[in-house]
1. Kindly indicate which of Leu91, Leu123, Leu117, Leu68 is among the aliphatic types (A, V, I, L, M) and buried (at least 20 other Cβ atoms within 10 Å of the Cβ).
2. Is it true that some residue in segment 135-143 is in contact (Cβ under 8 Å) with a residue 60 or more places away in the chain, in contact with a strand residue (DSSP E or B) (Cβ under 7 Å, 6 or more places away or on another chain) and surrounded by fewer than 21 Cβ atoms within 10 Å (Cβ to Cβ)?
3. Tally the residues that are out of contact with any Phe, Trp or Tyr (no Cβ under 8 Å at 6 or more places or on another chain), buried (at least 19 other Cβ atoms within 10 Å of the Cβ) and part of a strand (DSSP E or B), restricting the search to segment 99-114.
4. Has segment 180-200 got at least one residue that is surrounded by fewer than 18 Cβ atoms within 10 Å (Cβ to Cβ), farther than 25 Å from Glu120 by Cβ and among the small types (Gly, Ala, Ser)?
5. Kindly indicate whether any position in segment 49-62 is touching a strand residue (DSSP E or B) at 6+ places or on another chain (Cβ under 7 Å) and closer than 26 Å to Asp150 by Cα.
6. Out of all the residues in segment 58-76, which are at pLDDT 95 or above and outside any loop (DSSP other than H, G, I, E, B)?
7. Determine whether segment 203-216 contains at least one residue that is in contact with a Pro (Cβ under 9 Å, 6 or more places away or on another chain) and touching a residue at least 60 places away in the same chain (Cβ under 8 Å).
8. When you go through (1) under 15 Å from the mean Cα position of the chain (by Cα); (2) surrounded by fewer than 21 Cβ atoms within 10 Å (Cβ to Cβ); (3) of a type outside the set (Asp, Glu) one by one for Phe173, which number turns out not to apply?
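The values are calculated or read from the model by the stated rules, or taken from the named source; none is laboratory data. Please read all numbers here as calculations on a predicted model, not as lab measurements. Neighbour counts are summed over all protein chains in view; Cβ atoms, including those assigned to glycine, are modelled from backbone coordinates with ideal geometry.
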Amino acid sequence: MTTKRRILQTLAAAALGLVNAAQAHFQVLYTEETALRRGGNMEFALVFSHPFSGGPTMAMPHPRAFDLTSRNGGEKTDLREYLRPVEWQGLANRATAYRASIPRELVRPLGDHVFVLEPEPYLEAEEGLYIQQFTKLIVNVGGVSGHWADPVGLPVEIQPLNKPYANWTGGVFRGVVLAKGEPVPYAKVEIEYLNHAVDLEKGAFGSKAKVSAPHPAFEILSAYADAQGVVTVGLPRAGWWGIAALDIGETKTHKGKRLSQDAVLWVQVKDIK
């Protein structure tokens, strides 16, 4: 048996230890547009839900951190003061989520702005499992390329190899799965399409799905990173695609229960016209 096959079998066995309920839980970090001609006020939604099906939505504790790193000096700005709790309406239920109104002066400079969310671990009570998804979203102002490919030093993260804010339909996106700054070979990855419109003002997912899955297996796509930790994702449709590398963190327990630390990156895709 080859080394690669042994590693894959080990990972598959470990993945079975993650309960089905944990799969498809996805930390959404949403804003309407990530490629901006000029900086301005930005509105964000922070929702822990199931993006393809529009729910159910899980109640979020107050985030541990919500930061912005911009190209000017690379210093972090703490954005927690801009967070406010809301009752988010999914298709199946309402649950606590967060909105953030980021002022223009923070997103005015040309270049890349990296938004990072570190949520409090969420208890999936039915299975006795905590989930913590470190989530990144990268915004560009003015087309001036900056530090979009740089890791930001999270315990787990996905390092982009393509600009996350400049992707055409029919293209591919590549990223490196990292834990403590090192590639994670054969990491298990889930990919999910944000299949319902996001109404920031109402705090709700739209009731109408954009696409219909031909089979439940298509609702959450699965892949493995390669031996160098690189994952490649096809982008067949415009909109938002969430990429999550599962259970790759060094910390495996929280409050005496199992903890899955996941890395999430959101990628926006545009139609070719």
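1. On the way: Leu91 fails: buried (at least 20 other Cβ atoms within 10 Å of the Cβ); Leu123 fails: buried (at least 20 other Cβ atoms within 10 Å of the Cβ); Leu68 fails: buried (at least 20 other Cβ atoms within 10 Å of the Cβ).
Of Leu91, Leu123, Leu117, Leu68, the one residue that is among the aliphatic types (A, V, I, L, M) and buried (at least 20 other Cβ atoms within 10 Å of the Cβ) is Leu117.
2. No, that holds for no residue.
3. Qualifying residue count, segment 99-114: 1.
4. Yes, the conditions are met somewhere in segment 180-200.
5. no
6. Once the filter is applied, which keeps residues that are at pLDDT 95 or above and outside any loop (DSSP other than H, G, I, E, B), segment 58-76 yields Met58, Ala65, Phe66, Asp67, Leu68.
7. Of the residues in segment 203-216, the ones in contact with a Pro (Cβ under 9 Å, 6 or more places away or on another chain) are 205.
Now narrow it down to the ones that are touching a residue at least 60 places away in the same chain (Cβ under 8 Å): 205.
Yes, segment 203-216 has at least one match.
8. Going through the list (1) under 15 Å from the mean Cα position of the chain (by Cα); (2) surrounded by fewer than 21 Cβ atoms within 10 Å (Cβ to Cβ); (3) of a type outside the set (Asp, Glu), Phe173 breaks only (2).
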